[in-house]
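Working notes, beginning with the structure itself.
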Amino acid sequence: MATIHAKITGVGAYVPEYILNNQELSKMVDTSDEWIMTRIGIKERRILKGEGKGASDLGDRAVKQLLQKTGTSPEDVDILLCASVTPDMQFPATANIICDKVGIKNAFGYDINAGCSSFLFALSTGAKYIQSGQYKKIVIVGAEKMSSIVDYTDRAVCPIFGDGAAAVLLEPTTENTGIIDEILHVDGSGRKYLYQTAGGSVKPASHETIDAKEHFIFQDGRPVFKNAVADMADVSVEMMKKHNLSAEDLTWFVPHQANMRIIEAVAKRMGIKKEQVMINIQKYGNTTSATLPLCLWEWENKLKKGDNLILSTFGAGFTWGAIYLKWAYDGNKI
Ligand code: UT7
């Protein structure tokens, strides 16, 4: 029997209209456009404004665009997986809320949280369901309202993150396209460098946790930076070696967008040119689970069937990994 691969057959996205640029941020905390551009490489990020709006409002728009672009009826979706560290609420899962908003009625779904690697791990999970032969149409959506957990008085964290969502459709193929291989890792000893202290079962919300600002992101940036470079580079180079991919064979490297210096250092270790790397961090910042599909969405019109892509992430946990895939179609689906 022919091997079933899971191929991406479309990409949809949504970013909120409000742009928070470095000038505005410099009025909120003691920072500057020059510092942020030199140390992180972000010019602006999108922020979801409005009471009562959450990750599902972004995911909803991204999934609707995806279904419209691929001519897919909501009734035909089998599974929806939502990658997020900023779900609407602890439960029910944001995947369920998005299904309801989009009109996806014949599917099951759930959320996946692996820090900034959530989308990569969800893509791996979705591919396994496709390979089982039992499911034909799977939506993987990364949706984040990072602004809901960012302390806008903490200059070490607030320039980094932005809001956004993007989604892909996975379908089966027996051609040699789609997801070919993955290398995924978790090292829980890294959890002390990047976390949200309160709001979970260890430290439920209280007046004290709010006063101590423990519902915001805590990050010790330097060890995260060091591990991100080493681990993303190691895993991406390992993937290239495993599949005999030279720097020229690789059409695109799609890295998690956390810091321009991390992206450049990883690309250098892989021996690839900057022109082979998808980079949109300057426009959107770190949208956590949405960075990879936001890149695919922006570069879709340049992608061709058979292109070799390596997707790689690093995030809280620590979690990291790489997926090697062969792109399955030419150009933009709109
Ligand atoms: O997606 C999840 C994974 N996350 C990441 O990959 C993030 C990884 N880490 C990083 O990207 C970097 O560590 C940061 C961007 C977070 C920080 O950059 P850094 O070069 O590691 O700076 P630092 O934290 O070592 O701080 C250097 C200096 C400090 O001042 P002193 O102590 O040297 O006087 C900070 O107080 O820069 C200061 N600083 C700032 N200055 C102006 C920190 N944030 C700012 C700021 N504006 N926004």
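The values are calculated or read from the model by the stated rules, or taken from the named source; none is laboratory data. Source: prediction; values computed, not measured. Don't worry about glycine lacking a Cβ; one is built from the backbone with ideal geometry, like all the others, and counts go over all protein chains shown.
Any chance the stretch 96-114 includes a residue that's buried (at least 24 other Cβ atoms within 10 Å of the Cβ), closer than 22 Å to K326 by Cα and outside the structural domain of I217 (by TED's automatic domain parsing)? Within the stretch 96-114 (the criterion being buried (at least 24 other Cβ atoms within 10 Å of the Cβ), closer than 22 Å to K326 by Cα and outside the structural domain of I217 (by TED's automatic domain parsing)), the answer is no, since none of the residues qualifies.
If you check K226, K242, K213 for being surrounded by fewer than 17 Cβ atoms within 10 Å (Cβ to Cβ), of a type outside the set (V, I, T) and within 11 Å of the ligand (Cβ to nearest atom), only one passes: K226. Taken together, T94, T72, T9, T31 contain a single residue that is farther than 24 Å from Y135 by Cα and among the hydroxyl-bearing types (S, T, Y), which is T31. When the stretch 14-32 is filtered for residues that are within 10 Å of the ligand (Cβ to nearest atom) and of a type in the set (D, E, K, R), only D30 remains.
Please enumerate the residues belonging to the stretch 83-111 that are outside any loop (DSSP other than H, G, I, E, B) and within 16 Å of the ligand (Cβ to nearest atom). The answer is A83, and nothing else.
Of all residues in the stretch 181-204, those satisfying the criterion of being in contact (Cβ under 8 Å) with a residue 40 or more places away in the chain and hydrophobic (A, V, I, L, M, F, W, C) are I183, L184, V186, L194.
Consider L80 carefully, then state whether it is away from the ligand (no atom under 16 Å from the Cβ) and either out of contact with any Cys (no Cβ under 9 Å at 6 or more places or on another chain) or basic (K, R) (or both). No. Of the numbered criteria (1) touching a residue at least 40 places away in the same chain (Cβ under 8 Å); (2) farther than 20 Å from P293 by Cα, the one E248 fails is (1). Of the residues making up the stretch 286-311, those that are out of contact with any Gly (no Cβ under 6 Å at 6 or more places or on another chain), closer than 23 Å to G59 by Cβ and of a type in the set (S, T, N, Q) number 3.
Here is the figure for the stretch 190-210: residues that are of a type outside the set (D, E, K, R), within 16 Å of the ligand (Cβ to nearest atom) and out of contact with any Lys or Arg (no Cβ under 9 Å at 6 or more places or on another chain) total 4.
Scanning the stretch 120-152 for residues that are closer than 30 Å to T3 by Cα and either hydroxyl-bearing (S, T, Y) or touching a Lys or Arg at 6+ places or on another chain (Cβ under 6 Å) (or both) yields a count of 5.
Rundown of residues vs (1) surrounded by 18 or more Cβ atoms within 10 Å (Cβ to Cβ); (2) within 16 Å of the ligand (Cβ to nearest atom); (3) not assigned by TED's automatic domain parsing to the domain that holds T70, yes/no style:
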site	(1), (2), (3)
V254	yes, yes, yes
Q257	yes, yes, yes
V266	yes, yes, yes
L296	yes, no, yes
K302	no, no, yes
K305	no, no, yes
I310	yes, no, yes
G317	yes, yes, yes
